[in-house]
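Undergrad: Got a structure here, written out as structure tokens. Questions coming.
Readers should treat all values here as calculations from the given coordinates under stated rules, not as data from a laboratory. Note that the structure is predicted; figures quoted are calculated from it, not measured. Neighbour counts are summed over all protein chains in view; Cβ atoms, including those assigned to glycine, are modelled from backbone coordinates with ideal geometry.
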Amino acid sequence: MTDQTQMHETSPTTEATDNEQQESATTPTGVSDLLSESGAGMAGYNYAYLDEHTKREVRRGVLKAISLPGHQVPFASREMPLARGWGTGGIQASLSLLGPADTFKVIDQGSDESVNAANIRRLAKTTADVETTTDTTEASVIQTRHRIPEEVLTDEQILVLQVPTTDALRRVDGSDDANRRRHAHKNYSKMWVALYENVVKWDEIQISARYPAMVNGRYLMDPSPIPRWDTTKLNDADSLFLFAAGREARIYAVPPHTDVEPLAFEDRSFQVERFDESCHRCGSTDTYLTEVTGDDGVTRYACNDASFCEKRAEHPDLSKDHHLDEDDVAWGPETPDPILSDETGGEDA
Amino acid sequence: MSLLDAENVTRFYGEFEPCGDCVDLTGPTHGRNQCPDCGTVVGCADVDLDVERGEVLGIVGESGSGKSSLAEMLALDLAATAGNVEFASYDGNLLDANYEERVDLRNTNVGMVHQHVRDGLNLEFTGGGNVAESLLAAGWRNFDEIRARVRDLFEETEVPVDRMDDPTDTYSGGMQRRVQIAKAIANDPELVILDEPTTGLDVSVQARVLDMFRRIQREQDVATIVVSHDLGVVRLLADRTVVMRHGRVIESGLTDRVMEDPQREYTQTLINSVI
Amino acid sequence: MRALDIDPVHDTRETFRALVDATSRPGTVEQTPTTPAVHAVVATLVDHEVTLHGGGDELRTTLGRESRLDTAPFEDADVVVVDGHTDGRVTVAKRGSLKEPSEGATLVYEVADLSADTEPIDGDDDQTLTLAVSGPGVPDTRTFGVDGLPATEVEAIAEAQSGYPRGVDVYLAADDRVVGLPRSVDLSVASDVPDEEVA
Ligand SMILES: Nc1ncnc2c1ncn2[C@@H]1O[C@H](COP(=O)(O)OP(=O)(O)OP(=O)(O)O)[C@@H](O)[C@H]1O
Ligand SMILES: [Mg+2]
Ligand SMILES: [Zn+2]
């Protein structure tokens, strides 16, 4: 049984993810339009596209966000000539970071090949003169939507996550003002009641993505629409995580070596997705899998992290920390123990 | 020492700058609670009272006499204009407690049953969820323990346990009142404040809610302030009673004494109007 | 910013990256592309959207010429440049509100020297303090050496950061080096030179 298909939310609030997806689908050529306006190449652009004033605004926000792990810092998000929800927050954060010495990777739901990812990469390459890569281990800055890579991120890397919905509390209350008051006073009992009712209904916590987590024991954070699988990677990592929302004009951060604890009960613990299948391409059993339907109409499971899947297809034994000096670096869910997974998902197997 | 000792508790309302004479120009002798000079409404003023451990104190008075204002200040739900309140579990003037301290005190020491259901319950949550909120806010993190405690509290307050997972807005008024009581006593507070525990309920339901609370109050020996415009409620529950009018306490004493031998004509009128 | 020998695009970006590293790994000594680091930091962070207190004439004149200078008293400023120490006044700098703690001030201290290891700096050991930080960005505890920052000022900074999430964020700058002390960390003096040695 794979529970990734279950989308039970704690409240009927619609997933902003869906909006984002729809919007981005309608404007797949956002960045190319932008670039073609004044021809190719650097001529006619500010370095890294944004003017220095805009960058300063983003940078001040980024530094305050790192100083206040998990707190949503407002910043003067610039209007970008792109459709809303396209990831303008992530682009602004990336372009404020990037320099000629950087190697930039862009992931859209696990894939480097989507039109969105390619366009963002091109914008950075053209205007900021960066190297680009699809190899996670070679990137210094990674902009991503909905995923954290399977290969362990290092202290040399910054992951920029695009955020459609900034506030974890919006699941339980639509009023941002009331929610900011709750954050101010670390008053998360309403979220806890929602979790309680979730367990009453399903006997376990059923939140598929955007799993709320406490950061540094102080702020409740929406980790953006990453699967639960990726949520544990945020805890005590070596890398810096920046979360940027253009439409909502908020930036927040998880610094390296910071406690990130998914909300859960002592006796209804946080559970990651488990898959009974292996990747049909590379055979992996320790990666986040998604269903893909081939040309033959057959639905199979495949690694969502396409770049790592390619490496694994060539080197099936490649570990997630193969590029590090240390071994057994904690990163995401443990590889499922066959005995344990028997216990949890045994019945329908 | 008393559990709670309040002096001089005062609350103004209104968008005007108080003129300074508001208290002198209002009250029972003037027959009004709004200052004629500046328009400030004196919700209550100069209220002194104390509550012993395990004791039930009644507050009666006509509509608008300031009962809820007083109750909400003591329940840390409303900021005071002036006053000093000593409370056994708090160091200093309770009315000066900061936000965090208030949250803490409300979670563990003082339980409030609000006059208006919406102030006390989230009607979209289940009844059980509302009660669980008290436990969760106090740091309970074991689901099965929370569940068991909520079930006990439902039984204790005589709400059908098989309704605990239904949304609270599907409950009757009496059930909602009971859920509020369950929520208020969830963390074994030292003081419970009931504001109009019976208004809006059928007479037969009123009696059952009061009996239920009286039993819990005796079993747990929890100090209680019960606010009502209904003398019957106070007579049933309260050891001592204070009578309020135009924002002031005009009479206080043992409930039997106040009922049988009222010192003030107004109290006499209140009693007569009930009987 | 050319006047300060700072490239307004590339040097400020590099400085920003140094600040990102310094803030996300408190206690590490990061490098700015230009000297002094304090100029680089101010050139990176300050424009008319924020208010500045302190800073030398050269810095203020340059910012003013670019219409990027909006000054404020110490207590109200968003960015404060501190020459050595504040005599404990850091405790009255802006700390933001519970609702918007990010409005707390950023203080940039110009100190004599910074070192990643805690060996005495430049043999000038009577001035050297070893500071310890722990918290987000720090596995266990990290120590570093600072020259020219009185222990009393360190205590005052810790006090100004004590009401988390309200508080101030601090950068220490010396030559081309910068150390971040965001409010999220616990800061203390790890060792002090005994009085008689100083004498
Ligand atoms: N938020 C407010 N703004 C202005 N005036 C208020 C406010 N709340 C209460 N008052 C006034 O303060 C006085 C006391 O009100 P309070 O609710 O304390 O009385 P009460 O004795 O509880 O009345 P009731 O029996 O109707 O509940 C009334 O005149 C009321 O109109
Ligand atoms: Mg009332
Ligand atoms: Zn694969």
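Undergrad: For the range A:99-171, rounded, prolate or oblate, judged on the Cα gyration tensor with a ≥ b ≥ c (square roots of eigenvalues), a/c < 1.5 rounded, else prolate if a/b > b/c?
TA: Prolate.
Undergrad: Considering every residue in A:252-263, what mean count of other chain Cβ atoms within 10 Å of its Cβ is obtained?
TA: Per-residue shielding by partner chains comes out at 4.
Undergrad: Here's a follow-up. With a cut-off of at most 11 other beta carbons within 10 Å, and DSSP calling the residue loop, which GluC sites (Glu not before Pro) in the range A:270-335 qualify? Please list them.
TA: Taking the range A:270-335 and a limit of 11 other Cβ atoms within 10 Å, the loop GluC sites (Glu not before Pro) found are A:E326, A:E334.
Undergrad: Compute from the Cα atoms of chain B the Rg and the Dmax, the latter being the longest Cα-Cα distance, and quote both in angstrom.
TA: Final numbers for Rg and Dmax: 18.8, 59 Å.
Undergrad: Taking a Cβ-Cβ separation under 4.7 Å as the criterion for a possible partner, which cysteines of chain B have none?
TA: B:C44
Undergrad: Indicate the gyration tensor shape class of the range B:206-246 (rounded, prolate or oblate), computed on the Cα atoms with a ≥ b ≥ c the square roots of the eigenvalues: a/c under 1.5 is rounded; otherwise a/b larger than b/c is prolate and the rest oblate.
TA: oblate
Undergrad: With a ≥ b ≥ c the root eigenvalues of the C-alpha gyration tensor of the range A:156-281, is it rounded (a/c under 1.5), prolate (a/b larger than b/c) or oblate?
TA: Since a/c reaches 1.5 but b/c is at least a/b, the shape of the range A:156-281 is classed as oblate.
Undergrad: Further question on the same structure: Ratio of the range A:51-275's C-alpha Rg to 2.2 N^0.38 Å, to two decimals?
TA: Here the Cα radius of gyration is 1.00 times the empirical estimate.
Undergrad: Could you tell me what percent of the DSSP beta bridges with both partners in the protein assembly as shown are antiparallel, to the nearest 5?
TA: 60
Undergrad: Using only Cα atoms, tell me the angle between helix B:265-274 and the longest principal axis of chain B; keep it within 0 to 90° and round to the nearest 10.
TA: That works out to roughly 40 degrees.
Undergrad: To check my understanding: the extent here is largest minus smallest coordinate of the Cα atoms along each principal axis. What are those three numbers for the protein assembly as shown, in Å, largest first?
TA: 94, 76, 58
Undergrad: Further question: Across peptide B:99-106, what mean number of C-beta atoms from other chains lies inside 10 Å of a residue's C-beta?
TA: The per-residue average across the peptide is 2.
Undergrad: Shifting gears a bit: Please give the calculated 222 nm ellipticity per residue for chain B, where each DSSP H segment of at least 4 residues contributes -39500 (n - 2.57) and the sum is spread over every residue; nearest 500 deg cm²/dmol?
TA: Result for chain B: -11000 deg cm²/dmol, rounded to the nearest 500.
Undergrad: Choose one answer from B:S228, B:S204, B:S134: the residue with the largest mean-square fluctuation in a GNM of chain B with alpha-carbon springs under 10 Å.
TA: Judging by the Gaussian network model, the answer is B:S204.
Undergrad: Hey, what D do you get for the range B:110-188 in µm²/s if you plug the Kirkwood alpha-carbon radius into Stokes-Einstein at 4 °C and 1.567 mPa s?
TA: After rounding, the answer is 108 µm²/s.
Undergrad: Related question: Roughly how tilted is helix C:151-160, in degrees to the nearest 10 and between 0 and 90, from the longest Cα axis of chain C?
TA: The angle comes out near 60 degrees.
Undergrad: Another question, then. For peptide C:41-52, what's the mean number of Cβ atoms from other chains within 10 Å of each residue's Cβ?
TA: Average neighbour count from other chains, rounded to a whole number: 2.
Undergrad: Now a separate question. Hey, what do the phi angles of the range A:155-161 turn into as Karplus ³J(HN,Hα) couplings, whole Hz, using 6.51/-1.76/1.60 and θ = phi - 60°, x for Gly and Pro?
TA: Karplus-based 3J(HN,Hα) across the range A:155-161 equals 6, 9, 10, 10, 9, 9, 9 Hz.
Undergrad: Next question. Take peptides A:262-268, A:294-300, A:154-160, A:219-225 and line them up by average Cβ neighbours within 10 Å, highest first, as a rough protection proxy.
TA: Output ranking for A:262-268, A:294-300, A:154-160, A:219-225: A:219-225, A:154-160, A:262-268, A:294-300.
Undergrad: Which pairs, out of A:K55/A:K125; A:K233/A:K320; A:K190/B:K67; A:K186/B:K67, put more than 20 Å between their alpha-carbon atoms?
TA: Beyond 20 Å between Cα atoms: A:K190/B:K67; A:K186/B:K67.
Undergrad: By counting other Cβ atoms within 10 Å of each Cβ, how are A:S94, A:S239 ranked from fewest to most?
TA: Ordered by Cβ neighbours within 10 Å, fewest first: A:S239, A:S94.
Undergrad: Then there's this: In what sequence do A:K64, A:K311 fall when counting other Cβ within 10 Å, fewest first?
TA: In increasing order of surrounding Cβ atoms, one gets A:K311, A:K64.
Undergrad: Determine the calculated [θ] at 222 nm for chain C from helices alone, applying -39500 (n - 2.57) to every DSSP H run no shorter than 4 residues and normalising by the residue count; nearest 500 deg cm²/dmol.
TA: -7000 deg cm²/dmol
Undergrad: For chain B, give the share of DSSP beta bridges that are antiparallel, in percent and rounded to the nearest 5; count only bridges with both residues there.
TA: 55
Undergrad: Now a separate question. Would you mind checking the tilt of helix B:143-156 against the longest principal axis of the Cα atoms of chain B, expressed as 0 to 90 degrees and rounded to 10?
TA: Result, in degrees: 60.
Undergrad: For the range B:22-171, state the average projected area of the convex hull of the C-alpha atoms over all orientations, rounded to one decimal in nm².
TA: Directional mean of the projected Cα hull area for the range B:22-171 stands at 11.4 nm².
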